[in-house]
1. How many angstrom lie between the C-alpha centres of the stretch 19-38 and the stretch 45-103?
2. Using Cβ contacts closer than 10 Å as the measure, can you line up T63, T5 from fewest to most?
3. Got a sec? How would S135, S120 order by Cβ neighbour count within 10 Å, fewest to most?
4. Taking only Cα atoms and a 10 Å spring cutoff, compute GNM fluctuations for the chain and point out the largest among S42, S118, S74.
5. Check the straight Cα-Cα distances from K54 and name the lysines below 26 Å, setting aside those fewer than 8 residues away within the same chain.
6. Which order results if V115, V82, V110 are arranged by neighbouring Cβ count within 10 Å, fewest first?
7. How much space per residue, in cubic angstrom, does the convex hull of the C-alpha atoms of the chain take up?
8. Taking the dipole about the Cα centre of the chain, with the C-beta of Lys and Arg at +1 and of Asp and Glu at -1, give me whichever of I128, A79, F58 is farthest to the positive side.
Amino acid sequence: AVERTLSIIKPDGVEKNKIGNILARFESAGLRIAALKMAHLSRAEAEGFYYVHKARPFFGELTEFMSRGPVVISVLEGADAVAKNRELMGATDPAKAAPGTIRKDLATSVGENTVHGSDSAENAAWEIAYFFAGSELT
Ligand code: CMP
């Protein structure tokens, strides 16, 4: 089915000048960029986005990292976009990610793992609405 998913290029990816590299992977895989913005999240915005992880031991580290510098937030659209994006990203821990994936090629650690992607179509709808107004979706 044609789906939409939310992608975030995290602060480490932006710091390493990998925005174009990562967006090109999405496009080459047949995903259309339906919305795109760069933003420097506040701590509160990062906490709101990751509130499902609020009780996790890494929540403080995660939200501090995500608000450290600018991120690139996009909506990717295409056939099975959620799964396709997760395949392109690779496993959460870069050390366990398959060759050729974004995290294997570019990421350094489970905390600084370069990209976020929605894990279901349902969560994608929530995540997209968190960052984009309807008028910003094309
Ligand atoms: P993401 O897909 O953005 O969603 C939650 C994030 O928590 C995850 O990617 C990881 O970057 C981060 N995360 C998961 N486990 C750990 C951990 N043990 N230490 C730090 N961050 C983690």
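1. Cα centroid of the stretch 19-38 versus Cα centroid of the stretch 45-103: 15 Å apart.
2. On the way: T63 23, T5 29.
If I rank by nearby Cβ atoms, fewest first, I get T63, T5.
3. Details: S135 7, S120 14.
The fewest-first ordering by Cβ neighbours comes to S135, S120.
4. Answer for the Gaussian network model of the chain: S42.
5. List returned: K10, K37, K96.
6. With the sparsest Cβ surroundings first, the list reads V110, V82, V115.
7. Numbers: hull volume 13.8 nm³, N = 138.
Normalising the Cα hull of the chain by residue number yields 100 Å³.
8. Going by the charge dipole, the pick is F58.
All of the numbers you see were taken from the coordinates with simple rules; none came from a lab. Please read all numbers here as calculations on a predicted model, not as lab measurements. Every residue, glycine among them, receives a Cβ derived from its backbone with ideal geometry; neighbour counts consider all protein chains shown.
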